[in-house]
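Asker: This structure is in structure tokens; I'll ask about it shortly.
Here, each number is a calculation from the coordinates, and none is a lab measurement. Note that the structure is predicted; figures quoted are calculated from it, not measured. In this analysis, Cβ positions are derived from the backbone assuming ideal geometry, glycine residues included, and neighbour counts consider all displayed protein chains.
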Amino acid sequence: MEEIELCDSSLNEECGIFALHKVEDAGVLSYYGLHSLQHRGQEACGIATSDDKLILTRKGKGLVTDVFDKAKLDEIGANAIHAVGHVLYCKHGSNIQENIQPIMVRSHQGTFALVHNGEIVNANHLRYELEQEGSIFQGTSDTEVIAHLIQRARGSMAEKILAACEKMQGAYSMVIMTKNTMYAVRDPLGLRPLCLGSLNGGYAVSSESCAFTIVNAEHIRDIKPGEILKMGKDRFDSIMFASRELPTICAMEYIYFSRPDSDIDNINVHISRKACGRELARQDDVKADIVVGVPDSSLSASQGYAEESCLPNEMGLIKNRYIGRTFIWPRQSDRERGVKMKLSAVRSIVAGKKVILVDDSIVRGTTCRRIVNHLFAAGALEVHVRIASAPLKYPCFYGIDLHTREELISANMSVEEICQHIGATSLKFLPFETLRKILGANICSACFTGDYPIPIPERMPFYDYNNC
Ligand code: SF4
């Protein structure tokens, strides 16, 4: 077997949310829910619980299984009937303790815990204003800006959240938990996913529906774009602050981030990826022997390609399950040093074969180049790379850790040049229009087209809070 070391060259998600309202054993169950969302962030995690009277919280750096053991869950979970949990991917080098969520706010007005997935594009401006008005910040995250906006607003908690939402621009799916009430909120475009489930007469909220399975919750629906869902003691209220019915969900949730067993806004992730693979095959005329998918996120697309082309879908690449998704570590030095993801090219499967290699996307091209190299080293005769999405040409400002065009190989090279760079026999992408047809018109596709659904305000470089 040819072993492949993969340094970071992929896309990084920034966070997952899981919450339970009025559910017995909410602390322990939220641990399991968070575990199912671990792929969305591996650097830190936390859970806040409430028994209707007191909010307790535990958080720390590391995986869910590193941060929580039975004793820790007992400390916060003994009588808990509400819980909010979070898994974190830190962006822009903001890997500091104070950024770990839930963010807790304790004041004479009451206590609340906040978890957030997304990115507030005007966070620096809002933070500057808040600081001018006397707010003091502990960390560098935009989530803390949200907490301050809520805290400073007047009125009921729902009114305070509404007032904060009116000031924020960008992507935010979030849950706010007071001692006895929970609020699930999705931004006016619904850029990041957030869904609602039911469990034993209570409610579950999650970034992805895959987390409902482990706690036996039933997926009811997605939180609507521009909705504040208030779950109280006996009441359930939906407050709409934007009139949009359909979301503009991030296309990369379907292509790469989410688990294949999740349904997002009524579309199953596996099925959408498979459809992309099928379309790739329909538009292809290359003669090959086998189809090989890059584990794990490209396996659905490779299955679709293989079914459509009537070629065998082979396990030509094997992932070492015990290393984890090391590429979501944020610092380049971490990624390049000891923490390397390993894939193995299986010589007895690929040797002497013309291989169709299906991958979900190309970001910087380094991972793809290594995989192609190792397939050839394992004896492949030809390696035809087929990408089940369109070329990524523009940065994302809505919660994905890709902030410059320089990082994106497709922004800087033609398809022919990329093919040469990665050493493939041939290279094809799924045309953007085909992708849009499969995923529907209601997607954010800014990283493919540069058409940003929310304008990006000018950055405030003199307030780079991570370097203060
Ligand atoms: S720019 Fe791309 S990665 Fe960012 S939200 Fe839009 S589709 Fe998703």
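Asker: For Ala44, list long-range residues whose amide hydrogen, built 1.01 Å from N in the peptide plane, is under 5 Å from its own amide hydrogen.
Answerer: Amide H to amide H, under 5 Å and 5 or more residues apart or across chains, Ala44 pairs with Gly62, Leu88.
Asker: Right, next: How far, in nm, would the chain grow between Ser238 and Gln283 when pulled straight, counting 0.36 nm per residue and subtracting the alpha carbon separation?
Answerer: 11.8 nm
Asker: Where does helix 157-167 land angle-wise versus the long Cα axis of the chain, in degrees 0 to 90, nearest 10?
Answerer: Helix 157-167 sits at roughly 50 degrees to that axis.
Asker: Counting only trypsin sites (Lys or Arg not before Pro) that are in a DSSP loop and have at most 14 other C-beta atoms within 10 Å, tell me the longest site-free stretch of the chain.
Answerer: Segment 338-458 is the longest.
Asker: Points 7 angstrom from Cα along the Cβ direction at Ala71 and Asn266: gap in nanometres?
Answerer: Rounded to a tenth, the inter-label distance reads 5.0 nm.
Asker: Just to be sure I understand: of the beta bridges DSSP finds with both ends in the chain, what percent are antiparallel, rounded to 5?
Answerer: 80
Asker: Apply the a/c threshold of 1.5 to the C-alpha gyration tensor of the range 16-257 and tell me whether it is rounded, prolate or oblate.
Answerer: Because its axes are fairly even, with a/c under 1.5, the range 16-257 counts as rounded.
Asker: Right, something else. Rounded to the nearest 10 degrees, what's the angle between the helix 142-152 long axis and the longest principal axis of the chain, both from Cα atoms, 0 to 90?
Answerer: Approximately 20 degrees, to the nearest 10.
Asker: Which FRET efficiency, nearest 0.05, do Ala441 and Tyr32 yield, Cβ-Cβ r, R0 41 Å?
Answerer: Once the sixth-power term is evaluated, E becomes 0.70.
Asker: Taking only Cα atoms, what is the 0 to 90° angle, nearest 10, from helix 123-132's long axis to the longest principal axis of the chain?
Answerer: 30
Asker: Here is a further query. From the alpha carbon gyration tensor of the chain, can you work out the equivalent ellipsoid semi-axes (sqrt of 5 times each eigenvalue) and give them in Å, largest to smallest?
Answerer: 39, 23, 21
Asker: Using Cα centres only, tell me the gap between the range 108-140 and the range 19-59 in whole Å.
Answerer: 22
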